[in-house]
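First the structure, in the form of structure tokens, and then the observations on it.
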Amino acid sequence: MSGSNSERRLILLGATGSIGRSTLDVLRHLRATGGPRFRLAGVAAGRSADALAVIAEEFAEDQPALALADESADLVVPSAAQGTHATVHRGPDAALQMIEQIARPGDFVMAAMVGFAGLAPTLAAIERGCTIGLANKETLVAAGALVTAAARRRGVALLPVDSEHSAIIQCLRDGSSRGVRRIVLTASGGPFRTWPAERIAQAPVEDALRHPTWTMGAKITIDSATMMNKALEVIEAHWLFDLPADRIEVVVHPQSIVHGFVEFDDGSVLAQLSPPDMRLPIQLALTWPERLDGCTPRLDFDALRSLQFEPVDHERFPAVGLAARVIERGGTAGAILNAANEEAVSAYLRRAVPFGRITALAAEALSAIRSEPIRSLADAERADKAARRFVRERTTTTAPMDATAWTP
Ligand SMILES: NC(=O)c1ccc[n+]([C@@H]2O[C@H](COP(=O)([O-])OP(=O)(O)OC[C@H]3O[C@@H](n4cnc5c(N)ncnc54)[C@H](OP(=O)(O)O)[C@@H]3O)[C@@H](O)[C@H]2O)c1
């Protein structure tokens, strides 16, 4: 805590993205309703200089530090936001530099950058004793052993923001998986839930980006279409709840109203339900364990006629099964899967590979690259680079880059 007793500092990584914008919405709501006050101490983005400047202007009173990865983008800091505390970091490590400079014990860091790029700043925030709101699942997929060990050592909480994992902590009795037989994560099934395999293999980018229930960034939307998102979430759940792969299940639930189930040893099953809106798990992470007046639509039981569940079709969505392979292999397997998937998604978005190759490339990388023990960030980075190289060598790079596919 800093400033007045009721003020806590918030550092928002990925401020211009879907989760970042929803987090700012929650902040506005908490301010408008007299909720706990968060001072926006820092905001980081990739290349959206204008959007970052707009945030700096709106929250000028907080004088947030700014971090922008893209060095060539023209960032004009509004005069109102230029002050003694407001520093600007530029370059690929801007978010990490900002964390190293401003993060203090007790700050809340919302890790909402997309991809492996979020790992180093999140680890640095943990090392500085910050509470983490974890949207960036790739962090746990790529280096779950390192991240959870650092959090334990520093005594900081990793509060899940992913709606499924938020559902699970809401159902657990005391935050631990004591007495838990299994957990079940729900999946919408994505835009291709009812498509035949041959049509999925050639699915156009426009269709893959049209998610039936959630509005999200491009990378996670494609991950939802392949259902790799669920594989990443199973690995994330393995690290968050310390459960083996065979006690983490996935069920398809097209309405995205039930977000997760916990089954206890006595056979009782608890679930968490809410309309699909990320502002609910974001606010809960920020105010955890308190529940305050929310800003999201409420469930309308008069309109709710049925809840549908169906098993995952592993033939059409083979990505889901890769999670168990990664958990069983351990070491750098998660970093390999994550990086291969990021590269394959990026290649698909710039139309260099068909949809059907995304999961295939990730699986091939996992088979071809040996998993090594993971003892440091450098081990994860080495595996990440090797998997990216593997996929790049197998994808054409002549097609024009899609604007949504940028990675620094
Ligand atoms: N969206 C959801 O509903 C949802 C739900 C659960 C979990 N998640 C997870 O949350 C994370 C963010 O997802 P999203 O949907 O919000 O993605 P998004 O809309 O694509 O936003 C990504 C954010 O990360 C920033 N960024 C990218 N590279 C960066 C870098 N090198 N340094 C600093 N910032 C960087 C982007 O900045 P620019 O805008 O400048 O490029 C943007 O602010 C992902 O890990 C995703 O899996 C998302």
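The values are calculated or read from the model by the stated rules, or taken from the named source; none is laboratory data. Just so we're clear, the structure is a prediction, and the values are computed from it rather than from any experiment. Heads up, the Cβs are rebuilt from the backbone with ideal geometry, glycines too, and the neighbour counts pull from every protein chain shown.
Quickly run through region 173-208 and pick out the residues that are in a loop (DSSP other than H, G, I, E, B) and surrounded by fewer than 18 Cβ atoms within 10 Å (Cβ to Cβ). R173, D174, G175, S176, R178, G179, T194, W195, P196, Q202, P204 - these are the residues of region 173-208 that are in a loop (DSSP other than H, G, I, E, B) and surrounded by fewer than 18 Cβ atoms within 10 Å (Cβ to Cβ). For region 211-218, check the following and say yes or no: at least one residue is in contact with an Asp or Glu (Cβ under 6 Å, 6 or more places away or on another chain), within 15 Å of the ligand (Cβ to nearest atom) and not in a loop (DSSP other than H, G, I, E, B). No: zero hits.
Restricting region 77-102 to residues that are assigned to a loop (DSSP other than H, G, I, E, B) and within 15 Å of the ligand (Cβ to nearest atom) leaves a set whose member that is nearest to V345 (Cα to Cα) is P92. The residues on offer are A67, A53, A44, A49, and the sole one that is within 15 Å of the ligand (Cβ to nearest atom) and touching a residue at least 60 places away in the same chain (Cβ under 8 Å) is A44. When N5 is tested against the conditions (1) modelled with pLDDT of 95 or more; (2) more than 9 Å from the ligand (Cβ to nearest atom), the lone failure is (1).
Given the criteria farther than 20 Å from H253 by Cα, without any contact (Cβ under 8 Å) to a residue 12 or more places away in the chain, in a helix (DSSP H, G or I) and more than 13 Å from the ligand (Cβ to nearest atom), does R152 qualify?
Values: farther than 20 Å from H253 by Cα: yes; without any contact (Cβ under 8 Å) to a residue 12 or more places away in the chain: yes; in a helix (DSSP H, G or I): yes; more than 13 Å from the ligand (Cβ to nearest atom): yes.
Considered against the rule, which asks whether it is farther than 20 Å from H253 by Cα, without any contact (Cβ under 8 Å) to a residue 12 or more places away in the chain, in a helix (DSSP H, G or I) and more than 13 Å from the ligand (Cβ to nearest atom), R152 comes out as yes.
With the condition being buried (at least 17 other Cβ atoms within 10 Å of the Cβ) and among the β-branched types (V, I, T), I'd like the strands (runs of 3 or more DSSP E) fully within region 234-320 carrying at least 1 qualifying residues.
On the way: elements: 248-252, 258-264, 269-273.
By residue number, 248-252, 258-264.
Among the residues of region 110-143, what is the count of those that are more than 13 Å from the chain's Cα centre (by Cα), more than 10 Å from the ligand (Cβ to nearest atom) and crowded, with 24+ Cβ neighbours inside 10 Å?
4
Here is the figure for region 334-364: residues that are without any contact (Cβ under 8 Å) to a residue 40 or more places away in the chain and more than 21 Å from A218 (Cβ to Cβ) total 1.
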